[in-house]
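Values quoted throughout were computed directly from the atomic coordinates according to the rules given, and no laboratory measurement underlies them. As the structure is a computational prediction, the values presented were derived from the model and not from experiment. For neighbour counting, all protein chains shown are included, and Cβ atoms are generated from backbone atoms with ideal geometry for every residue, glycine included.
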Amino acid sequence: MTGPDAPFEDLAAASGGSAAPRGLEFLARNAAKNLEQWIAAIAPPPPARMLRPPLPAIAGTIAALAAIVASMFYFDTAASDWARQEPSWFREAFERITNFGLGGWFLFPFGFIILFLAAVISPELSRRSREVLTALAVRFGFLFLAIGAPGLFVTIVKRMIGRARPYVGSFDDPFAYMPFIWRPEYASMPSGHATNAAAAAIAIGAIWPRTRVVMWLYAFVIMFSRVAVLAHHPSDVIAGALVGVAGAALVRRWFAARRLGFCGRDLRPYPGPSWPRIRAALAEAFAKFGPIEPKRDAL
């Protein structure tokens, strides 16, 4: 790989070292070494200009903050009153749907893929296979951080804010707060599910632009479900979406500053490796590091 994919070569080369015998112990050591090197490669802050939001993003943030305040005064109570009157079948349907907004649906498979790639990227593979698998590691590393970082931020901040959920008390009070109480019923703002869904829509849409319509449809359904099941006010959902969008966009700029997955000039995603190359690289990895049959004792 050359040109815009040169950083992939650098990361792949960072996995170099002396050859080691195959086996679980080797794969574990190799994964730890690669993860350490990858973290060291992306941890230093990029230039401040790369993290500076453009004017449209600033305007959108101001509009979202205004919508949050307006919703607290004019829409939150009405939405909760509507949700309390839902038919049971409607509520039960969205109780099932809303679980698909949990971050684990993305973080567990993405994390597993990252660990697998960290374990098998090794000097024992051909240079092309190392570059293909490293390019995949960059993309799934971006997806993991772009969804996980905003979700972690919201998990902490919502408990510091301490806003009561709509079901707390005999009636909904959108201005009921108990900061720093660290109780689930006072963890309404921002919505964690909305954060996960919006961050996933931004992150996955950034890597695979053709999925944007489907991902945003998924995100809006999850956001609506949080109001429908009386878990959040509309303002909580808007706040969560704002954090998810801003967090994923920030991680994208962080990666683009190093030309990892994205162009540093216009944030366009670099073309990923083709399916035939991915299959060939995985086939080589499994051939090198697949299960080893135990030796049979000589008769």
*Relative to a virtual label point 7 Å from the Cα of residue 43 in the Cα→beta-carbon direction, which members of segment 126-142 show backbone nitrogen distances below 13 Å?*
none
_Could you sort the peptides 72-84, 247-259 by per-residue average Cβ neighbour count (10 Å cutoff), highest mean leading?_
247-259, 72-84
*For segment 47-115 and segment 118-144, what is the separation of their C-alpha centers, rounded to whole Å?*
32 Å
*Can you give the FRET efficiency for residue 64 and residue 278, using 1/(1 + (r/R0)^6), R0 = 41 Å, r = Cβ-Cβ distance, to the nearest 0.05?*
0.60
*residue 163's amide H: which non-local residues (gap 5+, or another chain) put their own amide H closer than 5 Å, with H modeled 1.01 Å from N in plane and none for Pro or chain starts?*
178, 188, 189
_So for each of 173-185, 210-222, 122-134 I average, over its residues, the number of other beta carbons within 10 Å; can you give me the resulting order with the highest mean first?_
122-134, 210-222, 173-185
*Using a basic spin-label model with each label point 7 Å from the Cα along Cα→Cβ, how many nm lie between residue 33 and residue 95?*
5.2 nm
_Using +1 at the C-beta of Lys and Arg and -1 at the C-beta of Asp and Glu, which of 82, 104, 93 has the Cα lying farthest in the positive direction of the dipole of segment 73-112?_
104
*asked:* With n ≥ 4 as the cut-off for DSSP H runs, can you work out [θ] at 222 nm for the chain, using -39500 (n - 2.57) per run divided by the number of residues, rounded to the nearest 500?
replied: -21500 deg cm²/dmol
*If you count, for each residue, the other Cβ atoms within 10 Å and average over each peptide, how do 196-207, 141-152, 263-274, 92-103 line up from highest to lowest?*
196-207, 141-152, 92-103, 263-274
*Using +1 on the beta carbon of Lys and Arg, -1 on that of Asp and Glu, and nothing else charged, what's the dipole of the chain about the Cα centre, debye to 20?*
820 debye
